[in-house]
Structures are given as structure tokens and as C-alpha cells.
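Just below is one structure, and these are the notes that go with it.
Values quoted throughout were computed directly from the atomic coordinates according to the rules given, and no laboratory measurement underlies them. Since the structure is predicted, the reported quantities are computational estimates derived from the model, not experimental observations. Glycine gets a Cβ as well: all are built from the backbone with ideal geometry, and neighbour counts include every protein chain shown.
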Amino acid sequence: MKKTILIILSSLISIITYSQINYEQAYFIKNNDEKVSCLIKNLDWKNNPSSFNYKINDTTEILTANIEGVKEFGFTSNIQYVRFNVKMDRSSDLTGSLSPKKEPEFNNETLFLKVLVKGIANLYKYEDKSLIRFFYSTNHTTPEQLVYKRYITDLKSHLSRSYKKVSNDDKTICFNKSYKKQLYDELSSSNISKSEIQKISYKQKSLTNFFESYNKSNDANFKALTPQKRDRFNLYLTAGVDQVSLSVINSASTNRSADFGDKTLLKLGFEAEFILPFNKNKWSAFISPSFLKFSGTERLAIQTATIDYKSLELPIGIRHYLFLNKKSKFHIDGLLAFNTDLNSTLKYSVSQTDIDIKPDYNFAIGIGYDYKNIASIEARYYSNRNLISNVSAMKANYETLSLTLKIKLL
């Protein structure tokens, strides 16, 4: 069984090496206003790009275009990036690195901004790791940053009610929410009240809803951009077989060392998966609990060792997908597996000793094949797990190779 699973693992690894994100029908506009129809490698960027790879058609070589030579690029799926020279505040939003200054600290930058709403009033987004900024423009003007800034100041010098104490040294986190005044001054109308603007949060969904509402009220021909909807949550029923080996090593007495050999076990469980909102659905986080039971007896020189191991296994991991086509994809998993013991024991007959089992966490890697987002099969290898981490002179090494079938429920 182990040999079969290892063959599957190595075969899948050799196949997925050749899988990649497809090039999609797209365009870009050069500095001289020439529009080039082409295929662009759509990475579904989490961070705004400064360059991209493209091909004129499927048979031509891969080329690279960068922000210095491109004014705009986009896809037929309503994804669009436009180059602007803007004033950008890069003040950190991380609690441990907040600026003591209330006002934004602007610097001139040339950036590709992602278009979220396009109309009389335009909304753009820029993201770089933990930094998220929104920009707006009207009447073909240069985009201006919507100002939202967390900053830190002394409690004694701060008279506003909008603060949050973060330590015992009289420091507080305060909020500059000037974006609400910007929206009110620039985009208020008879259809949008000041109280409605006050409810707008500095989040993509909230700002997008506001800009779409404003454009609909002021332009009868406005059409909202409708990016493709994605399933963000998947729930699977899982069933499979584990090929496990268990050996107990006692450094103080060989009379307690026992090799329980290899066993093939059945297991049932489920998996909950959340698709991360970037990189073309290529990354996800998941949790896949299952119930395990291992029992065995080993006759030693002067006594018998008996183990009854029952556990709720709780692997938590990150998954990376590699797409072959619209129906098929492979995935690679990296996991940290926690284990909750369910009244398990290791017993010795002569000494009449019962050792409570306290399993360690362990790591795992997996690789699998998915078909039509309905079913998948996965091979997974778990590193050694010590089942008696509470006993210093002993180890119970539990090693697993598994093969699992998953059926999608939601």
C-alpha cells in the first residue's frame, strides 16, 4: 500500500510540473495610444502589478510589458488596470508600526490602479501586501486617494471619542476618516444623504456600492462592472484508507519496546475549504477532521503490549491548485495536523502499567487530482507522530500514508 501511494505521489508531481495559469484574451495600450490585442497571463494579482507577460497569439513567444511602456491593460472579463501618476500615502496600518501623524504622508508614484467602478465617478484600488488604498476621480481628472489612516497619539492630548487604547503607556489608536468628507464634498447629491455617506466603511464592497449607486443616479446609461462570481466555500465528504505503522521505543528498558507493524485502516470525515480571493482561485485554506482508530497486541519477551488508540485528527492546511483545463486540476497541500486523544491507552500485562496517550502534532504533505470541482482523490504523507509525548523515556512513532476520496457536498 505504501509503495502504491508513493508511486502516485511521484507520478502526480511529475505531471503538475507542466501545469500553469492560462493566457487569456486581453489588450494593452502603449504610450503612443496604440492598442494591442493579445493574450495576457492573468495571475489574478493580489498585489497590483507593475508588469505582465503576454503573447500576440498562442503560437508566438512570451513577451514582457511593464508600467513604463503601458498606459492601460485589461481582459474581456472586465478586469482593467490603468496607469496614473498619483499622490500615495504608504503609512503602515499595522498596529505596531503606526505613524504618530494624523495627516497622510504623500509621495508621488506611478502605479497601475485596478478599476472597480467606471462611470461619471470612478473608483480604483491599490494593494501591496498589507497596504490597501482606494482612489477616486471625476470628469477625467487624475485620481485622488481617499484618505483613511490609523495613527497613534498620546491619550492626554487626544480629545476625540474615536480612539482605542492599545497599551498602558497612555497611547491610543486614532482614525483619520477624511474619505467621508471627500465623498460628501465631491459626490453628494439629492439622492445621497450625509448620513448615508457616514455609514460607508473603507472597504471595497462598501465603497463599490456607493460609487455604483452614485453613477446609476446620475447616468442612465451606466453599467456596473460584473466580474465573474466564484465559489468561495467548499464542503466535502471524505473517505479513505490509511496505511499506518506504529512502534514503541523505550530507551530505559527494551522489555517495553514493541513493534505493532503495519495496518490498513478505514477513515471517514469531512473537509471545509475556503478559496482565497486572489491568484485565480489557486490558493485555499482548509480543515479536514476525521476519526482514527488503531488497535494492536504485540507479544514481548516477558509480557504483552496492547494499544487502543482512538483520535480525532484535525489537519489544518494551505492548498495550491494547478489547473490543467476547465474540468481538471491538481493540488498540493501543506498541513499541520493536531490530534485529540479519545481515552486511548498503552498497556503492559506483567507490570500492569497503563500509559495514557498524549499525541504530538505532526506535519503532512499531500497531492491530489480534482475533477469538475465535484470529486477528487488525494495521496498524503504524514510525518512521525509521537503518541506518548508525556513520557520522557519512551516514544510511540506513528507514521501514516493515506489515500482519500472526496465528494463535494456544497
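Once the other residues with Cβ under 10 Å from the Cβ of K347 are scored (Lys, Arg +1; Asp, Glu -1), what is the net sum?
-2
Which distance in nm do the two modelled labels at K46 and S351 give, with both placed 7 Å along the Cα-to-Cβ direction?
Between K46 and S351, the label points sit 4.9 nm apart.
Nearest 10 degrees is fine. How inclined is helix 204-218 to the longest principal axis of the chain, computing both from alpha carbons?
With both axes taken from Cα atoms, the answer is about 30 degrees.
Which residue fluctuates the most in the chain, going by a Gaussian network model with Cα springs under 10 Å, if the choices are F175, F112, F323?
The residue that fluctuates most here is F175.
Which percentage, to the nearest 5, of the DSSP beta bridges contained in the chain is antiparallel?
Bridges in the chain are about 100 percent antiparallel.
Just name one of N57, N31, A379: the one whose Cα is farthest towards the positive end of the charge dipole of the chain (beta-carbon charges, Lys/Arg +1, Asp/Glu -1).
Going by the charge dipole, the pick is N31.
Out of V36, V82, V244, any idea which swings most in a Gaussian network model of the chain, alpha carbons joined below 10 Å?
Per the Cα network of the chain with a 10 Å cutoff, V36 tops the list.
Considering only K267, K129, K55, give the residue with the highest GNM mean-square fluctuation for the chain, with springs between Cα atoms whenever their separation is below 10 Å.
K129
Counting only DSSP beta bridges with both residues in region 233-408, what percent are antiparallel, rounded to the nearest 5?
Percent antiparallel among DSSP bridges in region 233-408 is about 100.
If you put +1 on each Lys and Arg Cβ and -1 on each Asp and Glu Cβ, how big is the dipole of region 204-335 around its Cα centre, in Debye rounded to 20?
640 debye
Less than 13 Å Cβ to Cβ from T404, Lys/Arg counted +1 and Asp/Glu -1: what total charge do the surrounding residues give?
Net local charge, T404 excluded: -3.
Which label belongs to the value computed from this structure, given these candidates for Cα extents along the principal axes in Å: (i) 90, 67, 36; (ii) 70, 64, 43; (iii) 64, 47, 41?
(i)
How large is the charge dipole for region 80-155, taken about the Cα centre, if only the Cβ atoms of Lys, Arg (+1) and Asp, Glu (-1) carry charge, to the nearest 20 debye?
200 debye
Which one, P289, N397, L131, is farthest towards the positive end of the dipole of the chain when Lys and Arg carry +1 and Asp and Glu -1 on their Cβ?
Result: L131, furthest along the dipole toward the positive end.
Give the order of T345, T76 when sorted by the count of other beta carbons within 10 angstrom, beginning with the fewest.
Fewest to most other Cβ atoms nearby, the residues stand as T76, T345.
Given the DSSP H assignment, sum -39500 (n - 2.57) over each helix run of at least 4 residues in the chain and divide by its residue total; what's the result at 222 nm in deg cm²/dmol, nearest 500?
Rounded to the nearest 500, it is -3500 deg cm²/dmol.
Near K329, which lysines are there with a Cα under 18 Å away, not counting those fewer than 8 places off in the same chain?
Answer for K329, where 18 Å is the Cα cut-off: K41, K280, K282, K372, K406, K408, listed by chain and number.
For the charge dipole of the chain, defined by +1 on Lys and Arg C-beta atoms and -1 on Asp and Glu C-beta atoms about the Cα centroid, which residue among G334, S195, S251 has the Cα displaced farthest towards the positive pole?
Of the listed residues, the answer is S195.
Local charge sum around I377 (other residues, Cβ-Cβ under 9 Å, Lys/Arg +1, Asp/Glu -1)?
-1
Explain nothing, just the number: dipole magnitude of the chain about its Cα centre with +1 on each Lys and Arg Cβ and -1 on each Asp and Glu Cβ, in debye rounded to the nearest 20.
That gives the chain a dipole magnitude of about 800 debye.
Tell me the angle of helix 2-16 to the major Cα principal axis of the chain, expressed in degrees between 0 and 90 and rounded to the nearest ten.
Once rounded, the angle reads 20 degrees.
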